[in-house]
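Chemist: Below you'll find the structure I mean.
The values are calculated or read from the model by the stated rules, or taken from the named source; none is laboratory data. It should be emphasised that the depicted structure is a prediction, and the values quoted were computed from it without experimental measurement. Glycine gets a Cβ as well: all are built from the backbone with ideal geometry, and neighbour counts include every protein chain shown.
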Amino acid sequence: MPSIRKNKITEEIFQSKTLKLPFVWKRSKRKSLGIYIVRGGVVEVRSSHYASLKGIHDFIDLNLAWILQKQNEKKKRIIYSTETLMFGKVPDIQFVQNGIDHYAEGTLYIKKTLKLKNIENDLTGLSGELLRKIFIQHKELHIAFQKARLAYAKKYLTERFMEISQSEKFKKFKTELKIRDMKARWGSCHYNGKIVLNERLIAVPAEAIDSVIMHELCHLYEYNHSPRFKKILTEVCPDWKKYNAMLLSYSTRE
């Protein structure tokens with residue numbers, strides 16, 4: 001019985017006259033050779049078990065300009081936390097004595113409780129980064145803020161999904177929507193018409209939210225990312241590439 005080779009991962013260093021470049025070398029059953037710039041700008045080379053270290057070094061040398069360019073782009077990219085944002089901005093906070101939590105025109109209205117009574121004056125005049133830090137540091141406010149924010153997220157995402165899914169392009173499909181926290185995706189689509197949206201989408205600009213919804217609905221026509229899928233997506237969302245790039249600036253995790 002032939003032995004089964006296990007995937008092998010080692011840390012290596014490519015060195016030229018002017019540069020020392022650490023990289024991760026992953027060997028598996030794959031036949032092709034590829035270079036990837038992963039989280040943190042780490043260079044990852046993936047190859048078959050039969051590739052030689054010299055061959056890998058030659059491949060890196062051939063693609064060195066591209067590697068350095070992509071690493072530089074990664075360093076420049078700002079990743080925004082999704083924990084305190086709504087539609088791409090930190091919302092203002094106002095407490096309401098009666099009624100329910102809601103959001104309107106850049107302000108999140110939170111129902112006042114006894115636990116929140118003493119924090120209201122501390123928020124006066126604060127915005128942006130200072131307000132964001134208070135959200136995180138003040139436990140009771142953080143809990144109330146997240147509760148109100150996620151409640152609105154589910155309401156907004158449901159309304160946008162219903163409107164877009166009932167448009168001429170998609171109304172022939174029977175769909176089911178689920179909204180939950182997702183580790184690495186903004187959304188997903190299943191063959192049975194079940195679509196899942198990441199509740200953290202509320203952090204990104206509204207146009208990018210619509211782009212994700214349309215992307216997932218287009219999978220009801222084509223369950224892949226083939227040229228046909230991209231053609232359909234372009235018909236309903238001509239600027240989807242711009243919004244994809246925008247989404248890269250927002251993390252799905254904290």
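Chemist: Six or more apart or on different chains, Cβ atoms under 9 Å: show the pairs whose first residue is in region 1-13 and modelled with pLDDT of 70 or more and whose second is among the aromatic types (Phe, Trp, Tyr) and surrounded by 10 or more Cβ atoms within 10 Å (Cβ to Cβ).
Modeler: Lys8/Trp25; Ile9/Trp25; Thr10/Trp25; Glu11/Phe23; Glu11/Trp25; Glu12/Phe23; Glu12/Trp25; Ile13/Phe23
Chemist: In this structure, is Lys76 modelled with pLDDT under 90 and surrounded by fewer than 15 Cβ atoms within 10 Å (Cβ to Cβ)?
Modeler: Taking the combined requirement at face value, the residue satisfies it.
Chemist: Which ones in region 41-51 are surrounded by 12 or more Cβ atoms within 10 Å (Cβ to Cβ) and of a type outside the set (Asp, Glu)?
Modeler: Within region 41-51, Gly41, Val42, Val43, Val45, Arg46, Ser47, Ser48, His49, Ala51 meet the criteria.
Chemist: Looking at Phe87 and the list (1) surrounded by 11 or more Cβ atoms within 10 Å (Cβ to Cβ); (2) on the phi < 0 side of the Ramachandran plot, which single condition is not satisfied?
Modeler: (2)
Chemist: Kindly indicate whether any position in region 215-228 is surrounded by 14 or more Cβ atoms within 10 Å (Cβ to Cβ) and in contact with an Asp or Glu (Cβ under 8 Å, 6 or more places away or on another chain).
Modeler: So far as region 215-228 goes, no, none of its residues is surrounded by 14 or more Cβ atoms within 10 Å (Cβ to Cβ) and in contact with an Asp or Glu (Cβ under 8 Å, 6 or more places away or on another chain).
Chemist: Right, something else. Is it true that some residue in region 215-236 is free of Cβ contacts under 8 Å to residues at least 12 places away in the same chain and in contact with a His (Cβ under 8 Å, 6 or more places away or on another chain)?
Modeler: Checking region 215-236: at least one residue is free of Cβ contacts under 8 Å to residues at least 12 places away in the same chain and in contact with a His (Cβ under 8 Å, 6 or more places away or on another chain).
Chemist: So, one more: What are the pairs, 6+ residues apart or on separate chains, where a residue within region 158-173 that is closer than 14 Å to Asp210 by Cα and assigned by TED's automatic domain parsing to the domain that holds His190 has its Cβ under 8 Å from a residue that is in a loop (DSSP other than H, G, I, E, B) and of a type in the set (A, V, I, L, M)?
Modeler: Phe170/Leu220
Chemist: Return the only residue of Lys70, Lys54 being modelled with pLDDT of 80 or more and surrounded by 12 or more Cβ atoms within 10 Å (Cβ to Cβ).
Modeler: On inspection, the qualifying residue turns out to be Lys70.
Chemist: Could I ask something else about it? Hey, can you tell me all the residues within region 177-214 that are farther than 18 Å from Val236 by Cβ, out of contact with any Leu (no Cβ under 9 Å at 6 or more places or on another chain) and of a type in the set (A, V, I, L, M, F, W, C)?
Modeler: Listed by number, the list holds a single entry, Ala184.
Chemist: In this structure, does Val236 turn out to be of a type outside the set (Ser, Thr, Tyr), modelled with pLDDT of 95 or more and more than 17 Å from Phe87 (Cα to Cα)?
Modeler: Spelling it out, Val236 is indeed of a type outside the set (Ser, Thr, Tyr), modelled with pLDDT of 95 or more and more than 17 Å from Phe87 (Cα to Cα).
Chemist: Further, regarding this structure: So which strands (runs of 3 or more DSSP E) are wholly in region 167-234 and hold at least 1 residues that are touching a Ser or Thr at 6+ places or on another chain (Cβ under 6 Å)?
Modeler: Hits in region 167-234: 194-198.
Chemist: Pull up region 39-51, narrow it to residues that are touching a helix residue (DSSP H, G or I) at 6+ places or on another chain (Cβ under 7 Å) and of a type outside the set (Val, Ile, Thr), then point me to the one that is modelled with the highest pLDDT.
Modeler: Among those that are touching a helix residue (DSSP H, G or I) at 6+ places or on another chain (Cβ under 7 Å) and of a type outside the set (Val, Ile, Thr), it is Ser47.
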